[in-house]
Amino acid sequence: MNASTTCLFREAVPSVEDYCQLRQLAGLSAKSREAAERGLPNTVFGVCAYQGSELVAMGRIIGDGGCHLQVVDIAVLPRLQGQGLGKAVMQRLGDWMQANLPPTAYVSLLADGEAHRLYAQYGFALTAPASLGMYRRF
Ligand SMILES: CC(C)(COP(=O)(O)OP(=O)(O)OC[C@H]1O[C@@H](n2cnc3c(N)ncnc32)[C@H](O)[C@@H]1OP(=O)(O)O)[C@@H](O)C(=O)NCCC(=O)NCCS
């Protein structure tokens, strides 16, 4: 079954409410409303999938638009996971990157759990052992 055929895809950034809710429902770490209000307008490119008015999948590219970018917020509503929506979002982000980024751009992401199997299908390779991802929370 492929849920992406029943969804409307928009090249857009979700509303603050939809964004915070889908992150939470998909099991990603919570973002405050204030953080989302500040961060979402700085999106370089975003994709949203809707069933009716319900946001069911999303993905964003953030960064400086030329040299360094990151794929973030890849999330699908649990009841629709495993039905092709994650791939449909990644396909659209990949198409945009292919068409818009200079060849020297570096696009990174952090893959939780087994999600690296998804990203590998869209050209992403493990950074290790040459480079190790690092992070800091505030
Ligand atoms: C990860 C996620 C976005 C994938 O979206 P999805 O709609 O469930 O996945 P799809 O149906 O499009 O298929 C994903 C592909 O990756 C593969 N894959 C393997 N293990 C996987 C896993 N644990 N999670 C996702 N994909 C996996 C699938 O087999 C599939 O490829 P295939 O069709 O060739 O078999 C979704 O499951 C999700 O929102 N998970 C919770 C939030 C999360 O972990 N986000 C990613 C943070 S890095």
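Structural remarks
- Counting every pair of alpha carbons in the chain, the share spaced more than 26 Å apart comes to 20 percent.
- With protein chains left intact and a 1.4 Å probe, residues in the chain average 62 Å² of accessible area per residue.
- For the chain, built as a Gaussian network whose Cα springs stay under 10 Å, the top-fluctuating residue of Ala128, Ala120, Ala105: Ala128
- Given their separation in residues at 0.36 nm each and the Cα-Cα distance between them, Arg79 and Tyr106 gain 6.4 nm when the chain is fully extended.
- The chain, accessible surface, carbon-and-sulfur percent (1.4 angstrom probe): 52
- Each Lys and Arg contributes +1 and each Asp and Glu -1, all at the Cβ; summed about the Cα centre of the chain, the dipole is approximately 200 debye.
- Of Ser4, Ser53, Ser15, the order by accessible heavy-atom surface (1.4 Å probe, DNA, RNA and ligands excluded), from most exposed downward, is Ser53, Ser15, Ser4.
- Ordered by 1.4 Å accessible area with all protein chains kept, Asp73, Asp112 run largest first as Asp112, Asp73.
The values are calculated or read from the model by the stated rules, or taken from the named source; none is laboratory data. The model shown is predicted, which means the values in this text are computed figures rather than measured ones. All Cβ positions, even for glycine, are placed from backbone atoms using ideal geometry, and neighbour counts span all protein chains on display. The accessibility values were calculated without ligands, DNA or RNA, using every heavy atom of the protein model including side chains. Shrake-Rupley method; radii C 1.70, N 1.55, O 1.52, S 1.80 Å.
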